[in-house]
1. So if each residue of separation counts as 0.36 nm, and I subtract the Cα-Cα distance between GLN126 and ASN106, what length gain in nm does that give?
2. Specify the angular offset, from 0 to 90 degrees and rounded to the nearest 10, of the alpha carbon long axis of helix 50-62 from the longest principal axis of the alpha carbons in the chain.
3. Given the Cα-Cα distance of THR82 and ALA114 and 0.36 nm per residue of separation, how much length would full extension add, in nm?
4. Cα centroid distance between the range 86-154 and the range 43-57, in Å?
5. As I understand it, the dipole of the chain uses +1 on the Cβ of Lys and Arg and -1 on the Cβ of Asp and Glu, about the Cα centre. Which of ILE96, GLY129, MET1 lies farthest toward its positive end?
6. Pairs LYS51/LYS177; LYS51/LYS183; LYS92/LYS178; LYS5/LYS128; LYS33/LYS122; LYS51/LYS180: which exceed 27 Å Cα-Cα?
7. What is the packing order of peptides 21-29, 157-165, taking the mean over residues of other C-beta atoms within 10 Å and listing the highest first?
8. Using the Cα centre of the range 17-84 as the reference point, and only Cβ charges (+1 on K/R, -1 on D/E), how large is the resulting charge dipole? Debye, rounded to the nearest 20.
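The values are calculated or read from the model by the stated rules, or taken from the named source; none is laboratory data. Here the structure is a predicted model, which means the values were calculated and not measured. As a convention, Cβ positions derive from the backbone with ideal geometry for all residues, glycine included, and neighbour counts pool all protein chains shown. The accessibility values were calculated without ligands, DNA or RNA, using every heavy atom of the protein model including side chains. Shrake-Rupley method; radii C 1.70, N 1.55, O 1.52, S 1.80 Å.
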Amino acid sequence: MNVKKGLDHLRKVDKKMVRVIDEFEAPVFTKEKNYFEALVRAIVYQQLSGKAASTIYGRFKDIYRGNAFPSPKMVLETNHITLRSVGLSNQKSSYIHNIAEAFEHNRIPEDLDASPDEEVMKMLTQIKGVGPWTAEMFLMFTLNRPDVFPATDLGVQKGFQIFHDLDDLPEPSFMIKKAKIWKPYRTLAAHYMWRLVEGPFEW
């Protein structure tokens, strides 16, 4: 993703975005190569605070006592009781096994980055436990796709509410319509919606 080009575009098409971009540091996106690790981490972090998720994720990796992330085969050979022992819920343990099975049986191609966003979403959400939000986070932060807008994400919704000075949280359909102005760099716009929530910032 060309962040500078994207920020220049957002400044040009939306004058209100200029002040937000100037207020916060430019984001840095780094592509990840280990798709399996990225998806497992996303499952662990779902619906948890950063500190709690980080602790559980560290315990999960400690199961395998190595510096490298475990292979799908190693995870499949780890029973639910062991996964539950590090703080994972039964549901998350099942989801992680589902992801491992998909990678072990080559249902997720190694050249996933060659596929368009829609195909990546379709492939990932066929794995039970990987919903649209997880797939969107994967597109944004693992593949660094420039035009992803997670309208169902609560943080993005709150930032959008602040940005547009709305009384209530916006509906995703309304957000998607309004966000068209930011295409094809909605990933960057979403980043700034999150930053608005983190603050401090006043119009």
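1. Extra length available between GLN126 and ASN106 comes to 5.9 nm.
2. Roughly 30 degrees between the two axes.
3. Here the answer is 8.0 nm.
4. Each part reduced to its Cα centre gives a spacing of 17 Å.
5. MET1
6. LYS51/LYS177; LYS51/LYS183; LYS92/LYS178; LYS5/LYS128; LYS51/LYS180
7. Result, highest mean first: 157-165, 21-29.
8. Dipole about the Cα centre, nearest 20: 320 debye.
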